[in-house]
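The values are calculated or read from the model by the stated rules, or taken from the named source; none is laboratory data. Predicted model, so just to flag it, every value in this text is computed and none were measured. Using ideal geometry, Cβ is built from the backbone for each residue, glycine included, and neighbour counts are taken over all protein chains shown. Calculation scope for accessible area: heavy atoms of the full protein, side chains included, ligands and nucleic acids excluded. Shrake-Rupley method; radii C 1.70, N 1.55, O 1.52, S 1.80 Å.
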Amino acid sequence: MGSLPTFFVGANMAMYRESLFQDVMATIEPLIEAEGAELLELQLKPQKGRWLVRVFVDTEDGISLEDCRQLSLEIGQVLDAEELIPSS
């Protein structure tokens, strides 16, 4: 049997990406808000066989490099624990 046409493979990837996006958003947004920050944007992109997760946040008073470091660690730990993304 032949492989699926590119359209179906692309459609399946788009559906998977949207589902993954919603799951990640629902998981990290409460964490970010608990830290007093606001989630401005979430990006998920496949890159070299893995998923690149970009999270853009801000607070009323601005955000420091240390705030970013701490949120990055917490988000990474939660995503790893929830096993939402196939690789860490």
Report summary line: If amide H atoms are modeled at 1.01 Å from N in the peptide plane, then the residues at a separation of 5 or more from TRP51, or on another chain, having amide H under 5 Å from its own are SER87
Query raised in the report: Extent of region 44-88 along each principal axis, from alpha carbon coordinates, in Å, largest to smallest?
Result: 36, 20, 14
**Report entry** J(HN,Hα) series, region 48-55, from Karplus relation 6.51 cos²θ - 1.76 cosθ + 1.60, nearest Hz, glycine and proline x
**Finding:** 6, x, 10, 9, 9, 10, 10, 10
Report summary line: Helix 65-82 sits off the longest principal axis of the Cα atoms of the chain, rounded to the nearest 10 on a 0 to 90 degree scale, by 40 degrees
Report summary line: Contour minus Cα-Cα span, GLU83 to LYS45, at 0.36 nm per residue, comes to 12.0 nm
Query raised in the report: Roughly what % of Cα-Cα distances in the chain sit above 20 Å, to the whole percent?
Result: 41 percent
Report summary line: Calculated from DSSP helices alone, with each H run of at least 4 adding -39500 (n - 2.57) and the total divided by the residues of the chain, [θ]222 nm to the nearest 500 comes to -19000 deg cm²/dmol
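Quick check for you: with a 1.4 Å probe and neighbouring chains kept, what is the accessible area per residue of the chain, in Å²?
74 Å²
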Query - Sulfur and carbon atoms: percent of accessible area, the chain [1.4 Å] - result: 54 percent
Report summary line: Within the under-12-Å Cβ sphere about GLN43, not counting GLN43, Lys/Arg +1 and Asp/Glu -1 give a net charge of +2
Query raised in the report: What ³J(HN,Hα) values, in whole Hz, does the Karplus curve 6.51 cos²θ - 1.76 cosθ + 1.60 give for region 18-26 when θ = phi - 60°, with x put for Gly and Pro?
Result: 5, 5, 4, 4, 5, 5, 5, 4, 5
Query raised in the report: Which value, in Å² rounded to 10, gives the accessible area of LEU73 with a 1.4 Å probe and all protein chains present?
Result: 80 Å²
